[in-house]
1. Working from Cα positions, state the angle (0 to 90°, nearest 10) between the long axis of helix 192-211 and the longest principal axis of the chain.
2. Quote the relative contact order of the chain in percent (integer), defining contacts as alpha-carbon pairs under 8 Å separated by 6+ residues.
3. Fully extended, how many nm does the chain gain between ALA58 and GLN81 (0.36 nm per residue separation, minus their Cα-Cα distance)?
4. Extension gain ARG173-ASP121, at 0.36 nm per residue separation less the Cα-Cα distance, in nm?
5. What percentage of the solvent-accessible surface of the chain, computed with a 1.4 Å probe over protein heavy atoms, is contributed by carbon and sulfur atoms?
6. Binning at 5 angstrom from zero up to the longest distance, how are the C-alpha pair distances of the chain distributed in percent?
7. With bins 10 Å wide starting at 0, give me the P(r) of segment 110-223 over every alpha carbon pair, in whole percents.
8. Relative contact order of segment 45-166: what whole-number percent is it, with Cα pairs under 8 angstrom and at least 6 residues apart?
Amino acid sequence: MTPPREHGAAAAHVADRVRAAIIRGSYPPGTRIRQEELADETGASRVPVREALRMLEAEGLVTLVANTGAWVSSLSLSECQEIYRVRERVEPLLLRMSGPGLSSTALDELDALAERMAASDDPEAFLELDREFHLLTYTGTETVVLTELVHRLWNRTQAYRRVYTRLMDDRARRTVHDEHRLIVGALRDHDIDAAESLLAGHIRRTRRQLASHPEVFAPPAID
């Protein structure tokens, strides 16, 4: 019998792998996750695979249906808007806590990420760099729950940001890039009020733009 500690480590490994696949779009919303295939792919037994799926269900990334199986969770437009409204409140707070602790090296890296985003026309590259940019702005502090909460909120909306990123026009792209630069500038100037306000507007604008594309949230077919 495998010790519980080993099952726990294996479950965490499987959960990390599936979470990463969901974030990078390998498992779009509505995709069925077959436990036996996941066990074969990861070399894990059924017990840690089931535990991994329960962990991801707790994060809102997977939906488990009794006697049926597991699917990558989908969001309705109203659910996505609610998550973005939460982000509008909690991420500026986290930035306020983090900003004073960001080193000059981190600020230089943020500048570089902003310029790389502006120079790229690849939606997938933008998504990866944008995520790296914002999560880096939150690394100047240690929190009890807030940082983990923000990461989970980002994970739950990643698939919809991916679709929307491909729909952005040139004006929307320019606005996003300008806001990134302004946020870094405010952090360099130690103007946390301005950085907080800019970030809230940045998230709010994305929420409104997503709402203008309700077709993004059409329920996907479950195979």
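1. 60
2. Working: 236 pairs, mean separation 58.6, N = 223.
Value for the chain: 26 percent.
3. Working: separation 23, 0.36 × 23 = 8.28 nm, distance 1.98 nm.
So the chain would gain 6.3 nm between ALA58 and GLN81.
4. Values: separation 52, 0.36 × 52 = 18.72 nm, distance 0.97 nm.
Taking ARG173 through ASP121 to full extension adds about 17.8 nm, to one decimal.
5. Details: 5950 of 11720 Å².
Ligands and nucleic acids excluded, carbon and sulfur give 51 percent.
6. Using 5 Å bins, I get a P(r) of 1, 6, 14, 16, 17, 15, 12, 9, 6, 3, 1, 0 for the chain.
7. So the P(r) values, bin by bin, are 12, 43, 35, 9, 1, 0.
8. Numbers: 81 pairs, mean separation 32.3, N = 122.
With pairs under 8 Å counted, the relative contact order is 26 percent.
The values are calculated or read from the model by the stated rules, or taken from the named source; none is laboratory data. Computed from a prediction, not measured in an experiment: that's the story for all the values here. Don't worry about glycine lacking a Cβ; one is built from the backbone with ideal geometry, like all the others, and counts go over all protein chains shown. Areas reflect the complete protein model, heavy atoms only, side chains present, ligands, DNA and RNA absent. Shrake-Rupley method; radii C 1.70, N 1.55, O 1.52, S 1.80 Å.
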